[in-house]
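Q: Here's a structure for you.
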């Protein structure tokens, strides 16, 4: 389980992952810092939604979203503002399964529109997966809009597989990912 309440920032380093207060993931050309999403991140993030593609897939973004994120309890999930140096480059949200603590859902992944096709999304996902695995989270589920081809390619590159070719009633496809260390014993109802 991620404990975000006491963290100011999380660094993730693929070559050396140890400690909770200063996890570093550097395995790519991009060094990223994961900060718990705060109220002062909202204006910049909201400005990203002027982009029609982002707004269509993740919008609308409003104060209700912000209130929900700020009210998140650490056992429920975490929303991260991801920075490269001083620039916010992505936001990723997760939700934790209370009945099966080694499973999590990725609820959103937004990349700053100007940085699309610069490997930010895949880098963020890989860093998040390492961070989760270090905390015993070995299985993930993500819901991706059937018409969001870029997001589908990104999540597949991160090792997720399409659970079914059929979209749900909202037009989302279910993607799953299990690390090699997850034997699925903790949740036999997890989709196979």
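Q: Quick one: count up the residues across segment 145-159 that are in a loop (DSSP other than H, G, I, E, B), without any contact (Cβ under 8 Å) to a residue 60 or more places away in the chain and closer than 20 Å to residue 126 by Cβ.
A: Residues that pass the stated criteria total 2.
Q: So which of 147, 62, 71 ends up being touching a helix residue (DSSP H, G or I) at 6+ places or on another chain (Cβ under 9 Å) and under 23 Å from residue 40 (Cβ atoms)?
A: The conditions single out 62.
Q: For segment 121-137, what are the residues that are surrounded by fewer than 22 Cβ atoms within 10 Å (Cβ to Cβ) and under 14 Å from the mean Cα position of the chain (by Cα)?
A: Scanning segment 121-137 gives 122, 126, 130, 131, 133.
Q: Can you confirm whether residue 99 is surrounded by fewer than 23 Cβ atoms within 10 Å (Cβ to Cβ), farther than 17 Å from residue 33 by Cβ, in contact with a helix residue (DSSP H, G or I) (Cβ under 9 Å, 6 or more places away or on another chain) and touching a residue at least 12 places away in the same chain (Cβ under 8 Å)?
A: no
Q: Continuing with this model, one more query. Among the residues of segment 38-48, is any more than 20 Å from residue 152 (Cα to Cα), touching a strand residue (DSSP E or B) at 6+ places or on another chain (Cβ under 9 Å), at pLDDT 90 or above and loosely packed, with under 14 Cβ neighbours inside 10 Å?
A: Scanning segment 38-48, I find at least one residue that is more than 20 Å from residue 152 (Cα to Cα), touching a strand residue (DSSP E or B) at 6+ places or on another chain (Cβ under 9 Å), at pLDDT 90 or above and loosely packed, with under 14 Cβ neighbours inside 10 Å, so the answer is yes.
Q: Could you tell me whether residue 94 is in a helix (DSSP H, G or I) and crowded, with 20+ Cβ neighbours inside 10 Å?
A: No.
Q: Let me ask another. Pick from segment 160-183 the residues that are part of a loop (DSSP other than H, G, I, E, B) and buried (at least 16 other Cβ atoms within 10 Å of the Cβ): which of them is modelled with the lowest pLDDT?
A: 182
The values are calculated or read from the model by the stated rules, or taken from the named source; none is laboratory data. None of the values given here were measured: they were computed from a predicted structure. All Cβ positions, glycine included, derive from the backbone under ideal geometry; neighbour counts span all protein chains shown.
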